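Chemist: Below is a structure I'd like to ask you about.
The values are calculated or read from the model by the stated rules, or taken from the named source; none is laboratory data. As the structure is a computational prediction, the values presented were derived from the model and not from experiment. Here the Cβ positions follow ideal geometry from the backbone for every residue, glycine too, while neighbour counts run over all protein chains shown. Only protein heavy atoms, including side chains, enter the accessible area calculation; ligands, DNA and RNA are left aside. Shrake-Rupley method; radii C 1.70, N 1.55, O 1.52, S 1.80 Å.
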Amino acid sequence: ILGEHLRICPQGYTCCTSEMEENFANKSRSEFEAMMKEASRSVQTTLTAQHRSFDSYFQDLLNKSEKALYDAFPSMYGELYTQNMKVFKDLYSELRRYYRGSNINLEEALNEFWTRLLERLFKLMNPQYHITDEYLDCMVKHAEQHKPFGEVPRDLKVKATRAFIAARSYAQGFLVGSDVIKKVSQVSLSHECTRAIMKLMYCPHCRGMSSVKPCNNYCLNVVKGCLANQADLNTEWKYLMDSLVVVADRIDGPYNVDTVVGTIHMRIAEAISNLQENKESITAKVFQGCGNPKISTKGSSSEDKKRRGKVALEAKSSAQALEMLVLDAKGNLTALKTYWITLPSSLCSKKVMASSAADDKCWNGMTKGSYLPEVMGDGLANQINNPEVEVDITKPDMTIRQQIMQLKIMTNRLGNANIGNDVDFQDASDDMSGSGSGDSCPDDVCGKRLSKSPSTRQPETHAIPKQSGHGINGASSRSSPSAFLLLLSVAFIAAQHLWR
């Protein structure tokens, strides 16, 4: 029949009624959305599986360390342990909370642990004295210079903070990537895109050419037009994947979580041994600095009576498991780097089953023949002359822009973790739309652009990143208020001078 009634397909002789054309339009839309969801589900599954593997490994490492402490310490330390069990439990609890993303200052948590432990042990080691809270405060102030636990607290703080910062940023990175994929897959197709997909997939049926495949370049232009906004994720997505690879190397290298997290109980035991071995000299120094405490009227029961001798502590290495985890993750991350810009060709070759580019007997949108227009570039800006899909390049999709921002924020966190700097995770919610900083920086160059101080401070809360450039500009932005205050001070002094 004549095709004057057709609104999407070419209006030549046709096999389709208006109702058939509408049915085909709905069918093509649902099929294309299903293709998109299947592709995104595959990436989501990969990222979620990587997160689950690492999270399980890390939690198991922490659990084994805690269990080893609970198993060995009662026989090693007797009263020293049994009366201070809560101090150890609280430490592991804080470490878990930090790893899961709670807004905890890790350095402060470790400092608090050593302070509480020292207070308890000092009282237990000197039961003949009545030691008040005020006296303990004085003792703690002198502790830094006396180093009652030796070098263990400082060494563990440096290594543990780096390992935990890297581990939680790494785990969070996989979740953010998966969440971005999920949210982007829910973005609906435009009206213009729906028409173009119908023309690509089912208009040949209406022309009696149901066996003719679409021309590959024709398919690419349609899909690139439909997924123009999604392709704009490519740059930040690639930086996130690169950053995860870099931090993975840190986790299995300098910040080795197997060595650090798996031996926490051993380091604590070493610290307590240091305190016991130097008990007399440390007590003498404390008495010298804080005065002699009063003799207790309750009598004394030495903690040494309850001690049953040392037990050899071991840490079962899982370095090989960690190495395999990291290798598997790096392989998957590298494969996913170009996901957004290879998606159109993947859909056209695997799902739409388009013909080869050189085929002159394929569906070109009008008839069976060659497809002459050139293939558009990737991203929204390159669709201005797309011959198949009308795309308004002045109106980017806001959901996708928000996800680009989340990728930037997460990449910056990983950049900080790469050099051992802590970042505030207080916004680690589903929408994750509060803090975060700087633009992305996927490799070791991050270290040169950030603060050079190697240790962690109070968690930094960052501003929203700039839209352009890919460096972490936190250091320069933080210096501005100081410069302003300096100028203000100079002006104030000058004004005082003039007033005199």
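Chemist: Checking the conditions here, which among Val246, Val286 is among the β-branched types (Val, Ile, Thr), in contact (Cβ under 8 Å) with a residue 24 or more places away in the chain, part of a helix (DSSP H, G or I) and closer than 30 Å to Thr399 by Cβ?
Modeler: After ruling out the rest, the residue left standing is Val246.
Chemist: Let me ask you something else. State all residues of the stretch 252-286 that are open to solvent by less than 20 Å² (accessible area, probe 1.4 Å) and of a type in the set (Asp, Glu); if no residue qualifies, say none.
Modeler: Hit for the stretch 252-286 is Asp258, nothing else.
Chemist: So, in the stretch 370-382, of the ones that are touching a residue at least 40 places away in the same chain (Cβ under 8 Å) and among the hydrophobic types (A, V, I, L, M, F, W, C), which residue ends up most open to solvent (accessible area, probe 1.4 Å)?
Modeler: Filtering the stretch 370-382 for residues that are touching a residue at least 40 places away in the same chain (Cβ under 8 Å) and among the hydrophobic types (A, V, I, L, M, F, W, C), the one most open to solvent (accessible area, probe 1.4 Å) comes out as Val375.
Chemist: I've got another one for you. On the given criteria, is Asp90 open to solvent by 40 Å² or more (accessible area, probe 1.4 Å), more than 29 Å from Ser178 (Cα to Cα), part of a helix (DSSP H, G or I) and modelled with pLDDT of 95 or more?
Modeler: yes
Each row is one residue, and each column tells you yes or no for (1) under 23 Å from Ser28 (Cβ atoms); (2) β-branched (Val, Ile, Thr); (3) modelled with pLDDT of 95 or more.
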| residue | (1), (2), (3) |
| --- | --- |
| Asn332 | no, no, yes |
| Leu343 | yes, no, yes |
| Cys348 | yes, no, no |
| Gly369 | yes, no, no |
| Val389 | yes, yes, yes |
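Chemist: Filter the stretch 5-57 for residues that are at pLDDT 95 or above and in contact with a Gly (Cβ under 7 Å, 6 or more places away or on another chain) and give the result.
Modeler: Leu47
Chemist: Residues that are under 28 Å from Phe58 (Cβ atoms) and not polar (S, T, N, Q), at least 2 per element: which helices (runs of 4 or more DSSP H) completely within the stretch 131-225 meet that?
Modeler: Output list reads 152-185.
Chemist: Please find, within the stretch 112-135, the residue that is nearest to Phe164 (Cα to Cα) out of those that are open to solvent by 70 Å² or more (accessible area, probe 1.4 Å) and either under 28 Å from the mean Cα position of the chain (by Cα) or charged (D, E, K, R) (or both).
Modeler: Step by step, filter the stretch 112-135, then rank; the result is Glu112.
Chemist: For the stretch 226-235, which positions are open to solvent by 10 Å² or more (accessible area, probe 1.4 Å) and not in a loop (DSSP other than H, G, I, E, B)?
Modeler: Cys226, Asn229, Gln230, Ala231, Asn234, Thr235
Chemist: Let me ask you something else. Do you know which of the residues in the stretch 341-363 that are surrounded by 22 or more Cβ atoms within 10 Å (Cβ to Cβ) and over 44 Å from the mean Cα position of the chain (by Cα) is farthest from Cys203 (Cα to Cα)?
Modeler: Checking each candidate, the answer is Cys362.
Chemist: Still on this structure, I have one more. For the stretch 202-216, give me each residue that is under 23 Å from Asn382 (Cβ atoms) and surrounded by fewer than 24 Cβ atoms within 10 Å (Cβ to Cβ).
Modeler: Asn216
Chemist: Residue pairs, Cβ under 7 Å, 6 or more apart or interchain, first in the stretch 64-79 and closer than 15 Å to Gln276 by Cα and in contact (Cβ under 8 Å) with a residue 24 or more places away in the chain, second open to solvent by less than 40 Å² (accessible area, probe 1.4 Å) and in a helix (DSSP H, G or I). List them.
Modeler: Phe73/Tyr81; Met76/Ala269; Tyr77/Ile272; Gly78/Glu303; Glu79/Leu124; Glu79/Glu303
Chemist: I'd like the full set of residues that are of a type in the set (Phe, Trp, Tyr) and either surrounded by fewer than 15 Cβ atoms within 10 Å (Cβ to Cβ) or in contact with a His (Cβ under 6 Å, 6 or more places away or on another chain) (or both), limited to the stretch 1-60.
Modeler: Within the stretch 1-60, Tyr13 is the sole residue that qualifies.
Chemist: Sticking with this structure for a sec: Is it fair to say Gly309 is modelled with pLDDT under 95, assigned to a loop (DSSP other than H, G, I, E, B) and open to solvent by less than 60 Å² (accessible area, probe 1.4 Å)?
Modeler: Judged against the criteria, Gly309 is a match.
Chemist: Next question. Going through the stretch 383-401 one residue at a time, which ones are assigned to a helix (DSSP H, G or I), out of contact with any Lys or Arg (no Cβ under 8 Å at 6 or more places or on another chain) and open to solvent by less than 80 Å² (accessible area, probe 1.4 Å)?
Modeler: Ile400, Arg401
Chemist: Taking Ser65 as the residue in question, decide whether it is crowded, with 19+ Cβ neighbours inside 10 Å, more than 20 Å from the chain's Cα centre (by Cα) and not hydrophobic (A, V, I, L, M, F, W, C).
Modeler: Against the criterion (crowded, with 19+ Cβ neighbours inside 10 Å, more than 20 Å from the chain's Cα centre (by Cα) and not hydrophobic (A, V, I, L, M, F, W, C)), Ser65 qualifies.
Chemist: Moving to a separate point now. Between Gly420, Gly379, which is over 19 Å from the mean Cα position of the chain (by Cα) and at positive phi?
Modeler: Gly379
Chemist: So which of Leu95, Leu80 ends up being crowded, with 21+ Cβ neighbours inside 10 Å, within 30 Å of the chain's Cα centre (by Cα) and more than 18 Å from His142 (Cβ to Cβ)?
Modeler: Leu95
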